[in-house]
1. Any idea which of Pro136, Pro89 is in contact (Cβ under 8 Å) with a residue 24 or more places away in the chain, under 30 Å from Leu229 (Cα atoms) and not assigned by TED's automatic domain parsing to the domain that holds Lys197?
2. Take the residues in region 220-237 that are among the β-branched types (Val, Ile, Thr) and touching a strand residue (DSSP E or B) at 6+ places or on another chain (Cβ under 6 Å); name whichever of them is surrounded by the fewest Cβ atoms within 10 Å (Cβ to Cβ).
3. Restricting attention to region 37-50, which residues are at pLDDT 95 or above and either within 22 Å of the chain's Cα centre (by Cα) or buried (at least 16 other Cβ atoms within 10 Å of the Cβ) (or both)?
4. Asp194 versus (1) within 30 Å of Val53 (Cα to Cα); (2) charged (D, E, K, R); (3) not in a loop (DSSP other than H, G, I, E, B): which is the lone unmet condition?
5. Is at least one residue of region 199-216 part of a helix (DSSP H, G or I), in contact with a strand residue (DSSP E or B) (Cβ under 9 Å, 6 or more places away or on another chain), in the same structural domain as Leu331 (by TED's automatic domain parsing) and buried (at least 21 other Cβ atoms within 10 Å of the Cβ)?
6. Where the second residue is buried (at least 16 other Cβ atoms within 10 Å of the Cβ) and in a helix (DSSP H, G or I) and the first is in the same structural domain as Tyr185 (by TED's automatic domain parsing) and without any contact (Cβ under 8 Å) to a residue 24 or more places away in the chain and lies in region 377-399, which pairs have Cβ atoms under 8 Å and are six or more apart or on separate chains?
7. Out of the residues in region 129-154 that are hydrophobic (A, V, I, L, M, F, W, C) and surrounded by 19 or more Cβ atoms within 10 Å (Cβ to Cβ), state the one that is nearest to Ser47 (Cα to Cα).
Amino acid sequence: MRTELQQLNLRLRSLAIFRSLLDDPVISALCAYLDSLEQDNEAASISKYAAFVACLYGTEKRTLAGYIQSIAGCDENSYIRMIGRGAEPWPEMADDVREELSVLQTVADLTPDTLRAPLNWKGYLPKFAVKQLDIPGGYRERCANIGRFGYGIYAKYHMFYLNPEAKIVPVRNPDQTRLSSLIDYKREQQIIVDNTKALLAGKPAANILLTGDAGTGKSSTIKAVVNELWQEGLRILEVRKEQLHQIPAIIDELNSNPLKFILFIDDLSFQRDDDNFSALKAILEGSVSARSSNVVIYATSNRRHLVKETFSDREGDDIHRNDTLQEMISLSERFGIQITFQKPNKATYLDIVRHLAADRGVEMDVKELELKAEQFALGRGGRSARAATQFVDSLVAQK
């Protein structure tokens, strides 16, 4: 038995395509335990075994097989990157992958009894659940459907943001809004869904500008669309206005990725002579560095023309006043699709309130509910989907 574990230890050390898995905490702890068996130190081996199981517990994966399947599927390696960009892996790499998946299958098949067999200790040692999984078959399926599954961090998460260092970082607790929870605006939502499905199908898809009053659900709609379609290969990356100049580099990075991406810019507006204005205009015009078939830009704004105008702009001291104003308002026209989210009227607002209240289990006389909802909206400066949500939240908090 010890000989088999020794051989497994050596086979793990020989990984090349999946070599980064040796740095994984669970695999590293397993190797440390296997190494300890060579030292004939029972106490050290018992400790290393317990540390391995503790690492597995820490992943919240009940089975070792499930964990191996997860880390193998998400591993960003040279083989999967070639497949992702549509290249044919070299024959020797394909041979390596087959052999290394066999090694990972052996690890996935390990049981607590197998690992503890070399130990003479008769006391209690922690266990983990066992499950039979086809590791090579699962990996082949991911490779064959790389456009839906992706690899690396994009296989594990579906929402991302650009941090201050211009690094793409996953959102570990993403917004869970679904389209079914967004009341009204169905026509506007369907336009976004249809355009996004065109992107996923590899058809021409437009950049979209969502304008309208604050609190009408523009941002929530975009996130809800992603939550509906991410399993088909859709990801979203939020970029702040001051990071717009980073977009060409981001698109270059994502261009060879098999997944489809929405670059999301929330609450977009500019001051006159804003350098970010020129940067976004160049991107939307389709400069060579920014052109990509797997990336679209979805932006929201409370302003129809995106650029804040002053009275001097309108009346002004600029000889070419009309040309300047036209330049300022033309940015919004460079989005292929523009959608306006109007502030809801009384009937729509109260309809949203009634639906949300029913979904959240609020029991109240309808007339009283509507009266309180109107009073709440008055105190918030007007009716909106956001005000309706905040009102119902306040009722739930009082339950």
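The values are calculated or read from the model by the stated rules, or taken from the named source; none is laboratory data. Since the model is a prediction, treat every value here as computed from it, not as a measurement. With ideal geometry, Cβ positions are generated from the backbone for all residues, glycine too; neighbour counts draw on all protein chains shown.
1. Pro136
2. Val226
3. Ser45, Ile46, Lys48, Tyr49
4. For Asp194, the failing item is (1).
5. Yes; the residues of region 199-216 include at least one that is part of a helix (DSSP H, G or I), in contact with a strand residue (DSSP E or B) (Cβ under 9 Å, 6 or more places away or on another chain), in the same structural domain as Leu331 (by TED's automatic domain parsing) and buried (at least 21 other Cβ atoms within 10 Å of the Cβ).
6. Within 8 Å, no pair qualifies.
7. Filtering region 129-154 for residues that are hydrophobic (A, V, I, L, M, F, W, C) and surrounded by 19 or more Cβ atoms within 10 Å (Cβ to Cβ), the one nearest to Ser47 (Cα to Cα) comes out as Ile135.
Okay, residues lined up against (1) more than 24 Å from Gly123 (Cβ to Cβ); (2) free of Cβ contacts under 8 Å to residues at least 12 places away in the same chain:
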site: Arg13; (1), (2): yes, no
site: Ser45; (1), (2): no, no
site: Tyr57; (1), (2): no, no
site: Glu60; (1), (2): yes, yes
